[in-house]
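In what follows, a structure is listed as structure tokens, so that the remarks can point back to it.
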Amino acid sequence: MPHTATIPAGPTPVLTTEGCDAQRFQLKRDSVQYPAVIAWADRSIFAELERWRASWLSPYELAGYNNCGIEKRRMDYLLGRLAAKLAIYTLLQEPESALAATDDELPVLSKLRSIEIAMGAFTQPLARAPQAGDISPAVCYTHSDGVAVAIAFPDGHPLGVDLEIVTERRLKVLKTQISEGELTDVFIPKNGHHVPTELDAYTQGWCAKESLSKVLRCGLTVPFEVLALKNTHLLPSSTVPMMGGEFKNFTQYRFESFSAGRFAVSIVLPRRTSAAWPVEWLSERLESSVPVDPATLSTTIARSAAPAPDTDTAALT
């Protein structure tokens, strides 16, 4: 039986920056600037997202939600969709009107319903936004351990993003997919740059390869050696230690990555493009997110929407 979903009584919640947020940044290539947006969401707003899902998911997206089953998959699905939609919504707004009246308030949740995240033949996300105007938006998103991150950008200027949990349990596997030679230079201190731990470096390297696979739309269907890193090095940064590099077989792309809290994150972008992406902003949010305790996640498949709120107003906090 598919899930049923009705919109609870009362006004649709307003998103607040305690559980999700978005930041604009600029891409620069050959003296031309292009807009981009990075968005973040965490599990603190999952219950409200699920409760109000019929107000902000399209029928297509609701059908996808219906196939998620257990709570972890539903959480990943909703947080990923929210981050992607919020990034696209912000990209399509005029800079001065992207946020609501106050600095810590985002759009009413129902405004995201007209933006749809569909799936392509290779499960790549397809952004559908009828109000796009002159911008043809594209989006890439990722989720891990109760956190989702998305990047929205003009579809003519591809970007990729990946987020992974940093855990010692994965190091042995990571070393089978990334050779020591791909990372050698990041372990050599230069100009006082922070040298990452072995675990951080290998996890960031994995993120870089997976981000590239998203740009190429091949997923993890190709051998990881095809996505080999080269010229990996430490990046100068104000407060967040970062590493960057290129790809042996795809020289038109490069990556930037860092670790924050229990996560590693990487973006891939065209090699001659510079991106002033909000690293410190994202780092603060990743560090503040609370880990998911698997024991608290229900394995029961949701069947219906939660009851309506008791109050006249509701907010996602």
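Applying the selection to the range 134-193, what residues are assigned to a loop (DSSP other than H, G, I, E, B), of a type in the set (D, E, K, R) and more than 21 Å from Leu229 (Cβ to Cβ)? Don't jump to the end; show me each part of the working.
As a first pass, look at the range 134-193 and keep what is assigned to a loop (DSSP other than H, G, I, E, B): 134-136, 145-146, 155-159, 166-167, 178-179, 183, 188-193.
So of that shortlist, the ones also of a type in the set (D, E, K, R) come out as 134, 145, 155, 190.
Residues satisfying the conditions are Asp134, Asp145, Asp155.
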Across (1) modelled with pLDDT of 80 or more; (2) closer than 30 Å to Leu15 by Cα; (3) surrounded by 20 or more Cβ atoms within 10 Å (Cβ to Cβ), Gly245 clears everything bar (2)
Conditions (1) crowded, with 17+ Cβ neighbours inside 10 Å; (2) modelled with pLDDT of 95 or more: number failed by Arg73: (1)
Where residues in the range 272-303 are among the small types (Gly, Ala, Ser) and surrounded by fewer than 15 Cβ atoms within 10 Å (Cβ to Cβ), which of them is modelled with the lowest pLDDT? Ser298
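Looking at this structure, is Gln33 assigned to a strand (DSSP E or B), closer than 19 Å to Leu159 by Cβ and without any contact (Cβ under 8 Å) to a residue 12 or more places away in the chain?
Details: assigned to a strand (DSSP E or B): yes; closer than 19 Å to Leu159 by Cβ: yes; without any contact (Cβ under 8 Å) to a residue 12 or more places away in the chain: yes.
Against the criterion (assigned to a strand (DSSP E or B), closer than 19 Å to Leu159 by Cβ and without any contact (Cβ under 8 Å) to a residue 12 or more places away in the chain), Gln33 qualifies.
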Do we find that Val240 is part of a loop (DSSP other than H, G, I, E, B) and surrounded by 14 or more Cβ atoms within 10 Å (Cβ to Cβ) in this structure? yes
Testing Arg170 on (1) surrounded by fewer than 19 Cβ atoms within 10 Å (Cβ to Cβ); (2) in contact with a strand residue (DSSP E or B) (Cβ under 6 Å, 6 or more places away or on another chain), one condition comes back false. Which one is that? (2)
Would you check if there is a residue in the range 193-211 being in contact with a Cys (Cβ under 9 Å, 6 or more places away or on another chain) and surrounded by 16 or more Cβ atoms within 10 Å (Cβ to Cβ)? yes
Please specify each residue of the range 38-60 satisfying the condition of being surrounded by fewer than 24 Cβ atoms within 10 Å (Cβ to Cβ) and aliphatic (A, V, I, L, M). Ile45, Ala47, Ala54
Where the second residue is basic (Lys, Arg) and at pLDDT below 95 and the first is surrounded by fewer than 13 Cβ atoms within 10 Å (Cβ to Cβ) and lies in the range 116-145, which pairs have Cβ atoms under 8 Å and are six or more apart or on separate chains? Gly120/Arg217; Phe122/Arg217
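The values are calculated or read from the model by the stated rules, or taken from the named source; none is laboratory data. These numbers come from a predicted model, not from an experiment. Glycine also receives a Cβ, built like all others from the backbone with ideal geometry; neighbour counts cover every protein chain displayed.
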